[in-house]
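Have a look at the structure below, then the notes.
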Amino acid sequence: MVLIYQRMMLQSLSNEGVLYYEGALDNLSEELSLSLDEDVEKIQMTLAFFSKYGLIQIDEEQNAEMLQVHAIVDQETDWARYKRNQRSSQKLDNVQSVSNTCPTEIELEKEKDIELKKDIEIRDIDSNSLLSKFLDTFINFSSKNRSKRAVATAEFIKLPSFQREQAVIGAMNYIQSYKNEHPDDEAGQYSVNAVNFLSNMMFMDYQEEVKADAGYDEDLGF
């Protein structure tokens, strides 16, 4: 019966909680039996039971007023109003929260400046590291490059950042290639100096790895 009662309430919602007897059949129970697809006896029992407990009121024209529908609708309206106010309050809180936490334009600019400075510092560190590696590679190979340190530094700084790493790679490969081709010139007396190596972009010709020769093996005869 409870399920039938609930279905009656749902059907009455379109008429503000009233099930009207239209006169198409002998009584309201038969009309509800047809519309709800339930046995007439079950409809009659449901109407009688819930009328007894004051949840359904049937008037002289056999219209059934579902009294609980009004309470549910009012309750739903209050609940909807409460939820609407709650959502509105949350929106205001969120706006205030965002307003309080969202950085201002000045703060964003400061953050950008800080990030830019960090980026520049990192690039400076990387650049200095590459420069040191380049100079050490040439100076350790041939002492003649020591006197050209300042000029070589100026030439190295002129290079764009991506070519500085190429210059270091080229320097290591060039020196290894020179050692392979001129094993007798251990001091690198006739090697290209660091300045010319950079100004003539020679490092671009030495980007592929050069491995050290194994040397002459007396046992193998080569």
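The values are calculated or read from the model by the stated rules, or taken from the named source; none is laboratory data. Keep in mind that what you see is a predicted model, and the values were worked out from it rather than measured. Here the Cβ is made from the backbone with ideal geometry for all residues, glycine too, and neighbour counts use every protein chain on show.
Selection of first residues in region 149-164 that are farther than 10 Å from residue 135 by Cα and of second residues that are modelled with pLDDT of 85 or more and among the aliphatic types (A, V, I, L, M), restricted to Cβ pairs under 7 Å at least 6 apart or on distinct chains, gives the following pairs, ordered by first then second residue: 151/195; 155/195; 155/198; 159/167; 164/130. Filter region 182-222 down to the residues that are over 17 Å from residue 138 (Cβ atoms), over 53 Å from the mean Cα position of the chain (by Cα) and modelled with pLDDT of 90 or more, then identify the one that is surrounded by the fewest Cβ atoms within 10 Å (Cβ to Cβ). Going through the qualifying residues, I end up with 184. Name the one entry in 144, 133 that is basic (Lys, Arg), touching a helix residue (DSSP H, G or I) at 6+ places or on another chain (Cβ under 8 Å) and on the phi < 0 side of the Ramachandran plot. When all the criteria are applied, what remains is 133.
Going residue by residue through region 123-137, is there one that turns out to be closer than 14 Å to residue 192 by Cβ, in a helix (DSSP H, G or I), modelled with pLDDT of 85 or more and not aromatic (Phe, Trp, Tyr)? Give the derivation first.
We begin by selecting, within region 123-137, every residue closer than 14 Å to residue 192 by Cβ; these are 134, 137.
Okay, now just the ones that are also in a helix (DSSP H, G or I), so 134, 137.
If we keep only those that are modelled with pLDDT of 85 or more too, we end up with 134, 137.
After this cut, where a residue has to be not aromatic (Phe, Trp, Tyr) as well, the list is 137.
Yes, some residue in region 123-137 is closer than 14 Å to residue 192 by Cβ, in a helix (DSSP H, G or I), modelled with pLDDT of 85 or more and not aromatic (Phe, Trp, Tyr).
With respect to residue 142, is the statement that it is hydroxyl-bearing (Ser, Thr, Tyr), in the same structural domain as residue 129 (by TED's automatic domain parsing) and closer than 21 Å to residue 129 by Cβ true? Walk me through how you get there before you give the answer.
Numbers: hydroxyl-bearing (Ser, Thr, Tyr): yes; in the same structural domain as residue 129 (by TED's automatic domain parsing): yes; closer than 21 Å to residue 129 by Cβ: no.
Considered against the rule, which asks whether it is hydroxyl-bearing (Ser, Thr, Tyr), in the same structural domain as residue 129 (by TED's automatic domain parsing) and closer than 21 Å to residue 129 by Cβ, residue 142 comes out as no.
Give the residue, chosen from 164, 149, that is assigned to a helix (DSSP H, G or I) and surrounded by fewer than 17 Cβ atoms within 10 Å (Cβ to Cβ).
Numbers: 164 fails: surrounded by fewer than 17 Cβ atoms within 10 Å (Cβ to Cβ).
Exactly one residue qualifies, and that residue is 149.
The set of residues in region 161-197 being closer than 20 Å to residue 150 by Cβ and either among the charged types (D, E, K, R) or outside the structural domain of residue 132 (by TED's automatic domain parsing) (or both) consists of 164 alone.
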